[in-house]
Amino acid sequence: LAPLVSSEVGLFLPALATAATLHPDGVVALLGALPGDGPRAQLETLLATRGVDLLRYQVSRLSHADIEVQKDACASLGRIGTPAALTALAPALRTTLGAVREAALTALAGRYHPEHLGDLVRLLHDPERPVRGLALRLLSAAKDPRIGVAMLGAVEDSQFDQRDAQEQEALYRALGAFRDPRIDAHFESWLADMNVLRRKAVIRRQVLSA
């Protein structure tokens, strides 16, 4: 049935709408068998308008062997958008697959949930630059007072100086928006180090010019 529905999904939608009311589990099973993104998205929208809970189905797809299916599941959970759907993205934020981590952050679309704090802070150290950027933007827009101190680890990391100037500036700007004695102490120490470096540079120039 799935190949037939996939080729002519528009013709089947009225019947599937009725079936979704009478036998929602069967239609959800059909949804999982559809091969094309277009037909699947149409049926997914239909089921959502009929009040069919797709959360468990989408969560199961996060563990699929196909990366594209995992990414699509992230996007679908983002479209569902309930607190339960957004927190269900946690495994995708922790996966070893960079493309799926990025898909999960994109699906969150700036919607911060406190349960994601640890994962988001860890992603500030991610090897993938786009992932680090998405995590930083999400954390920067959130109002959780715990974020500032949690972000300190990113700028104190031994690899921080290897990031480009634009990324370093973005992290410092985000960190500066939070008020905490530990953050203030870090900035004071950083400014003191900068002054020492400036004085050393001046002395070196004086020695070289002598």
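The values are calculated or read from the model by the stated rules, or taken from the named source; none is laboratory data. Since the model is a prediction, treat every value here as computed from it, not as a measurement. Because the Cβ atoms are built from the backbone with ideal geometry, glycine has one as well, and the counts that use them run over all protein chains shown. Each accessible area value is taken on the protein alone, full model and side chains, heavy atoms only, with ligands, DNA and RNA left out. Shrake-Rupley method; radii C 1.70, N 1.55, O 1.52, S 1.80 Å.
From the list L31, L13, the lone residue that is free of Cβ contacts under 8 Å to residues at least 40 places away in the same chain and either open to solvent by less than 20 Å² (accessible area, probe 1.4 Å) or not in a helix (DSSP H, G or I) (or both) is L31. Residue-level check: of (1) modelled with pLDDT of 90 or more; (2) open to solvent by 80 Å² or more (accessible area, probe 1.4 Å), E8 misses just (1). Of the helices (runs of 4 or more DSSP H) lying entirely inside segment 91-157, those containing at least 3 residues that are touching a residue at least 24 places away in the same chain (Cβ under 8 Å) and closer than 20 Å to Q58 by Cα are 98-108.
Does A104 qualify as being closer than 30 Å to S158 by Cα, surrounded by fewer than 19 Cβ atoms within 10 Å (Cβ to Cβ) and either over 16 Å from the mean Cα position of the chain (by Cα) or of a type in the set (A, V, I, L, M) (or both)? Against the criterion (closer than 30 Å to S158 by Cα, surrounded by fewer than 19 Cβ atoms within 10 Å (Cβ to Cβ) and either over 16 Å from the mean Cα position of the chain (by Cα) or of a type in the set (A, V, I, L, M) (or both)), A104 does not qualify.
Of everything in segment 121-147 that is under 14 Å from Q168 (Cβ atoms) and basic (K, R), the residue that is surrounded by the most Cβ atoms within 10 Å (Cβ to Cβ) is R132. For segment 57-79, how many residues are in a helix (DSSP H, G or I) and in contact with a Pro (Cβ under 9 Å, 6 or more places away or on another chain)? Qualifying residue count for the region: 1.
For segment 34-51, a tally of residues being open to solvent by 50 Å² or more (accessible area, probe 1.4 Å) and either farther than 18 Å from R79 by Cα or at pLDDT 75 or above (or both) returns 7.
For segment 70-89, enumerate the residues that are farther than 23 Å from T49 by Cβ and surrounded by fewer than 18 Cβ atoms within 10 Å (Cβ to Cβ).
Correct list: T87 only.
Among the conditions (1) in contact (Cβ under 8 Å) with a residue 12 or more places away in the chain; (2) open to solvent by less than 40 Å² (accessible area, probe 1.4 Å); (3) in a helix (DSSP H, G or I), the only one that A19 does not satisfy is (1). Annotation note: of D157, D164, the sole residue that is more than 25 Å from H116 (Cβ to Cβ) and at pLDDT 75 or above is D164.
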